[in-house]
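Here the structure is laid out as structure tokens; the discussion comes afterwards.
The values are calculated or read from the model by the stated rules, or taken from the named source; none is laboratory data. Just so it is clear, the structure is predicted and the values come from calculations on it, not from any experiment. Don't worry about glycine lacking a Cβ; one is built from the backbone with ideal geometry, like all the others, and counts go over all protein chains shown.
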């Protein structure tokens with residue numbers, strides 16, 4: 001199968017491409033704008049792979065998207081390209097509206113035109129998989145879980161833009177018959193995540209002996225999903241999911257932010273041989289909370305397990321140790337991808 005992946009140079013996209021090339025016979029076309037968070041450094045080991053192609057395209061550029069689809073004639077499209085950091089959406093929501101909403105529309109229109117040009121088995125097998133987030137559902141209290149039937153209630157510019165794109169994808173399925181699928185996943189962690197999110201920031205600040213910022217009291221709860229489990233789930237949905245359906249993907253690993261940070265600090269005490277402090281927990285510093293910070297996310301992944309037979313392979317202790325080790329051993333990757341882009345500073349103070 002020939003799969004066109006948008007946003008393949010990003011965190012989840014690069015992990016997805018590595019998985020596909022290493023574990024399947026599929027051919028991959030990576031379409032990426034290469035924003036600050038999209039880095040070919042994450043895929044430089046695939047430069048000479050005959051089953052991998054990169055093309056530098058902005059998904060909001062309709063003629064360019066049309067040309068790519070017509071040139072490579074994909075069997076399926078996996079749409080991961082998106083602005084994704086909540087803090088950045090607070091400081092500058094415009095790019096999120098452009099990429100996540102307009103970009104998805106452009107991709108849907110060109111995918112529909114391409115789909116309508118197909119015939120026979122190729123048309124019957126074509127799929128458009130849209131990768132979204134559990135943040136579209138808003139915030140949970142201390143109890144309960146998000147299901148595929150949970151009403152949308154986005155609270156940040158990021159989650160609102162992703163909710164909008166989800167609705168567009170459903171509309172193109174319902175109105176025009178494009179065979180779409182949607183996944184809503186919980187928080188991912190693992191290798192190749194641009195170091196602006198909580199886990200890599202905590203690891204890198206600990207390595208450098210710098211303050212580790214924790215928003216508010218650190219009592220916000222997230223369900224953590226190891227990225228390799230996520231990409232396995234995406235491939236399962238692409239191949240076996242029913243068009244028009246949505247599937248939630250979760251890790252069954254609820255942690256408060258402070259619990260997560262303290263876990264990483266203890267691992268850093270054990271694994272970081274060049275530590276600048278005796279006890280990394282001493283670096284934790286509580287800072288002003290993010291505006292509108294959702295309290296808790298938690299996924300009910302019963303549907304994908306019961307209908308498609310998928311469940312995560314990594315428990316949290318295993319996954320977080322692999323993640324910490326990866327960052328310790330890949331500091332040069334971190335230096336290259338952050339150069340002139342980001343310096344572990346606080347974002348999302350609400351000064352849009």
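The rows are residues; the columns are (1) touching a strand residue (DSSP E or B) at 6+ places or on another chain (Cβ under 9 Å); (2) modelled with pLDDT of 95 or more; (3) surrounded by fewer than 23 Cβ atoms within 10 Å (Cβ to Cβ).
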site	(1), (2), (3)
127	yes, yes, yes
130	yes, yes, no
134	yes, yes, no
137	yes, yes, no
141	yes, no, yes
147	yes, yes, yes
153	no, yes, yes
159	yes, yes, no
162	yes, yes, no
Quiz prompt | Subset of the range 292-310 [assigned to a loop (DSSP other than H, G, I, E, B), touching a helix residue (DSSP H, G or I) at 6+ places or on another chain (Cβ under 9 Å) and surrounded by 14 or more Cβ atoms within 10 Å (Cβ to Cβ)] | solution = 292, 293, 294, 297, 298, 301, 310
Exercise. Could you please find all residues in the range 188-208 being surrounded by fewer than 19 Cβ atoms within 10 Å (Cβ to Cβ) and either touching a strand residue (DSSP E or B) at 6+ places or on another chain (Cβ under 9 Å) or more than 21 Å from residue 322 (Cα to Cα) (or both)?
Key: 197
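Would you confirm whether or not the range 45-56 contains a residue that is surrounded by 23 or more Cβ atoms within 10 Å (Cβ to Cβ) and either touching a helix residue (DSSP H, G or I) at 6+ places or on another chain (Cβ under 6 Å) or within 21 Å of residue 233 (Cα to Cα) (or both)?
Residues of the range 45-56 surrounded by 23 or more Cβ atoms within 10 Å (Cβ to Cβ): none.
Looking for residues that are surrounded by 23 or more Cβ atoms within 10 Å (Cβ to Cβ) and either touching a helix residue (DSSP H, G or I) at 6+ places or on another chain (Cβ under 6 Å) or within 21 Å of residue 233 (Cα to Cα) (or both), one finds none in the range 45-56, hence no.
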Self-check item: Residue tally, condition surrounded by fewer than 18 Cβ atoms within 10 Å (Cβ to Cβ) and in contact with a helix residue (DSSP H, G or I) (Cβ under 6 Å, 6 or more places away or on another chain), over the range 34-44
Solution: 1
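The rows are residues; the columns are (1) in contact with a helix residue (DSSP H, G or I) (Cβ under 9 Å, 6 or more places away or on another chain); (2) closer than 16 Å to residue 182 by Cα; (3) assigned to a helix (DSSP H, G or I).
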| residue | (1), (2), (3) |
| --- | --- |
| 100 | yes, yes, yes |
| 142 | no, no, no |
| 154 | yes, no, no |
| 162 | yes, yes, yes |
Practice problem: Identify the single condition in (1) in contact (Cβ under 8 Å) with a residue 60 or more places away in the chain; (2) in a helix (DSSP H, G or I); (3) over 20 Å from residue 36 (Cβ atoms) that residue 205 does not satisfy, given that it satisfies every other one. | Solution: (3)
